[in-house]
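Chemist: Dropping a structure here in structure tokens format, bear with me for questions.
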Amino acid sequence: MEKVDITIIGAGVIGLSIAAEMARPDLNVFILEKNPTYGGGISSRNSEVIHSGIYYPDGSYKASLCVAGNKMLYDIASANKIPHKRTGKLIVAIKDEEMEELERLYANGRKNGVTSISMISKKQIARMEPNVRARAALSLSDTGIISVHDLMNYFLAGAQSRKAHIVYQTKVVRIEKESDRYRIFTRNEKGENFEFSSAIVINAAGLESDTIANMIGTNYHLHYCKGDYCSVSRVKPGMVQRLIYPVPPNNHVGLGVHLTLDLNGRFKLGPDTTYIDRREDYRVAEEKADLFYQSAVKFLPFIKADKVHPDMSGIRPKLQGPDEDFRDFVIKEDSSGFINLVGIESPGMTASPAIAQFVKAMLF
Ligand SMILES: Cc1cc2nc3c(=O)[nH]c(=O)nc-3n(C[C@H](O)[C@H](O)[C@H](O)COP(=O)(O)OP(=O)(O)OC[C@H]3O[C@@H](n4cnc5c(N)ncnc54)[C@H](O)[C@@H]3O)c2cc1C
């Protein structure tokens, strides 16, 4: 039977960043992807925001790996001409009752090591973003946007230049532990089966990462939490420079319907949060346009109802179920040489280079 050194399951931003970090010409590294190309899962259906790391509890992986990943991503993007922009971001309070949560977020951000954060007044908001209505805001100058496709392309090219192999249309269907290695059973798009053995396995299978982990006897359960987006058409360029977020509900499910810009300056509202059954249904209901308009017009008064249209959606792989408390990323060696990455929802893209370094340090 064929033997390899390292198998990475899943070619999203997490699997690819780990492949780039681990690949070495003297190691046999394989990335297995069930789809015909890389990045077709969660990684191509997100907001592409380089987060600062203020939302997550102090000491969590989400906080520490996001803060580290933020700096690493800007360095990687600048050094390798990956399209990105340090736009900055405002979290705006509209009502007096929201001030307490804004202050809690400020303190949490400082605890997490976010230094590019300041509380700003109504007057300062009017100067920075004259078309935004708010009574106060948190300003985060290290938040930005990046082309996640170009980022994945960069990780994959780096891995391949150090002799890693990527195999598409190959689904992992079973894994068995045998002494100090793992036997991996796969099926390709023609229904053909192939098995091989790997010394190290890294499970970065996104929405299926619990299923893969449970093949070696763990008991993870992911909830699917859908995030819909709406586009906003015919907004004059430059109406808003920064990403504008409301004060989020204090339940760690989502960040509230917010305004993001893409690298072409187009406006997008969302994502919202809806727990769904376990299937990949990416349709966006017509009525979301009006719901998003009603949420956003409170702080973006220039938006017109008839210019908001249903757009794309993504699905979060959440360990946290409805009405449950915060759950951190799982990055764990559950069996010797078998690392599971489960529940890698936001800020996973931002954290991706820091996660890759962390995983490498667990193994070498
Ligand atoms: C709506 C939304 C908005 C987000 N916004 C942001 C943001 O602005 N900033 C940020 O930092 N993060 C954001 N995130 C989080 C970020 O997108 C994810 O953390 C990240 O993309 C996860 O990448 P991944 O590689 O783990 O998963 P994926 O990209 O899904 O990759 C996993 C891969 O594994 C493959 N796979 C699955 N099962 C198997 C199998 N059995 N065999 C072989 N291959 C398999 C899949 O086909 C897939 O390609 C957002 C997420 C969502 C859903």
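Chemist: How large is the translational diffusion coefficient of the stretch 172-241 in µm² per second when you combine the Kirkwood radius over alpha carbon pairs with Stokes-Einstein at 10 °C and 1.306 mPa s?
Modeler: For these conditions, the coefficient is 101 µm²/s.
Chemist: Say the cut-off is 19 Å between C-alpha atoms; which of Lys268/Lys307; Lys226/Lys288; Lys332/Lys360; Lys62/Lys268 go over it?
Modeler: Lys62/Lys268
Chemist: Each label point is 7 Å from the Cα along the Cα-to-Cβ direction; what then is the distance between the points at Met128 and Met362, in nm?
Modeler: According to this spin-label approximation, the distance is 3.6 nm.
Chemist: Considering just Cα atoms, how many Å³ per residue does the convex hull of the stretch 1-89 enclose?
Modeler: So the per-residue hull volume is 150 Å³.
Chemist: A further question on this structure: Order these by the 10 Å Cβ neighbour count, fewest first: Thr115, Thr273.
Modeler: Ordered from fewest to most neighbouring Cβ atoms within 10 Å, Thr115, Thr273 come out as Thr115, Thr273.
Chemist: Tell me, rounded to the nearest percent, the portion of alpha carbon pairs in the stretch 259-364 spaced more than 16 Å apart.
Modeler: 70
Chemist: While we're looking at this one, here's another question. Given C-alpha coordinates of the stretch 220-275, what is the ratio Rg to Rh with the Kirkwood estimate of Rh?
Modeler: 1.06
Chemist: If eta is 0.890 mPa s and T is 25 °C, what Stokes-Einstein diffusion coefficient results for the stretch 161-294, Kirkwood Rh from Cα pairs, in µm²/s?
Modeler: My calculation gives 130 µm²/s for D.
Chemist: Now a separate question. Normalized C-alpha radius of gyration of the chain, against 2.2 N^0.38 Å?
Modeler: The reported ratio for this selection is 1.01.
Chemist: Shifting gears a bit: Using the Cα gyration tensor of the stretch 51-129, with a ≥ b ≥ c the square roots of its eigenvalues, what is the shape: rounded (a/c below 1.5), prolate (a/b larger than b/c) or oblate (neither)?
Modeler: Oblate, because a/c is 1.5 or more while a/b does not exceed b/c.
Chemist: How many angstrom lie between the C-alpha centres of the stretch 265-301 and the stretch 152-215?
Modeler: Between the Cα centres of the stretch 265-301 and the stretch 152-215 lies a distance of 34 Å.
Chemist: Here's something else I'd like to know. Determine, for each peptide in 183-196, 139-152, the mean count of other beta carbons within 10 angstrom over its residues, then list the peptides with the highest first.
Modeler: Highest mean packing first, the order is 139-152, 183-196.
Chemist: Further, regarding this structure: Round to the nearest 0.05 the FRET efficiency obtained for Asp290 and Ile94 when R0 = 22 Å and r is the Cβ-Cβ distance.
Modeler: Step by step, r from the Cβ atoms, then E = 0.70.
Chemist: Sum up the charges of everything whose Cβ sits under 15 Å from the Cβ of Ile117, counting Lys and Arg as +1 and Asp and Glu as -1, but leave Ile117 out.
Modeler: Residues close to Ile117 contribute a combined charge of +3.
Every read-out reported here was derived from the displayed coordinates using simple, explicitly stated rules and does not represent laboratory data. Because the structure is predicted, anything quoted here is derived from the model rather than measured. Note that each Cβ is placed from the backbone with ideal geometry, even for glycine, and that neighbours are counted across all protein chains shown.
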